[in-house]
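A.B. asks: Just dropping this structure here.
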Amino acid sequence: MTAARITPQDAYDIGTVDGRELEQEFRRVNAARRSRAGVLWFLSGGDAPDAPLLIGGVRGDVGCLTWEADGRLFRPRQGKNPGRVPYYTYDGHDFEQDAGVEVPIDDVYAAVREFSSTVRRPECVGWIEVDGER
């Protein structure tokens, strides 16, 4: 696997990066992780304040996903983690994730690929709406 050509950072406008390179970056960071905590990114569907947002993270064999759009928050229907789990943004800010947001890592990679090509909520993952705000 070659190194990603995108600039490593904690947030990306999905319209300005290549989805394959973004997935490579997720994979590279996951392979290099040395702590129990995961690493996550904010993937925006544009620069408008109301642009959809996919939060995706990596933590070994699992990763986290959340979807925010139109003032609504969703988590994966098949989310497995029973409690909160430690994640950090790429640049080191604590961003602990709620119960029910972790899925198998291949689902995270698939969701990132799909969002980068459609700029819509990934259909490769089933979603349920979550009450309240992050």
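A.B. asks: Determine which single condition Glu25 fails, assuming it passes every other condition in (1) under 19 Å from Trp67 (Cα atoms); (2) without any contact (Cβ under 8 Å) to a residue 40 or more places away in the chain; (3) not hydroxyl-bearing (Ser, Thr, Tyr).
C.D. replies: Condition not satisfied by Glu25: (1).
A.B. asks: Taking the stretch 26-84 on its own, how many of its residues are polar (S, T, N, Q) and under 12 Å from Ile105 (Cα atoms)?
C.D. replies: 1
A.B. asks: Would you point out the residue of the stretch 83-127, among those that are part of a strand (DSSP E or B) and of a type in the set (A, V, I, L, M), that is farthest from Arg33 (Cα to Cα)?
C.D. replies: Val103
A.B. asks: Of the residues in the stretch 65-83, how many are more than 21 Å from Arg113 (Cβ to Cβ) and in contact (Cβ under 8 Å) with a residue 24 or more places away in the chain?
C.D. replies: 2
A.B. asks: Can you name the condition, by its number, that Arg120 falls short on among (1) surrounded by 15 or more Cβ atoms within 10 Å (Cβ to Cβ); (2) within 21 Å of Gly46 (Cβ to Cβ); (3) out of contact with any Phe, Trp or Tyr (no Cβ under 6 Å at 6 or more places or on another chain)?
C.D. replies: If we test Arg120 against (1) surrounded by 15 or more Cβ atoms within 10 Å (Cβ to Cβ); (2) within 21 Å of Gly46 (Cβ to Cβ); (3) out of contact with any Phe, Trp or Tyr (no Cβ under 6 Å at 6 or more places or on another chain), just (1) comes out false.
A.B. asks: On to the next question. Mind checking which residues of the stretch 71-82 are at negative phi and in a loop (DSSP other than H, G, I, E, B)?
C.D. replies: Selection gives Arg77, Gln78, Gly79, Lys80, Asn81, Pro82.
Here, each number is a calculation from the coordinates, and none is a lab measurement. Owing to the predicted nature of the structure, the values given are computational and were not obtained by experimental measurement. No Cβ is skipped: glycine too gets one built from the backbone with ideal geometry, and neighbour counts run over all protein chains shown.
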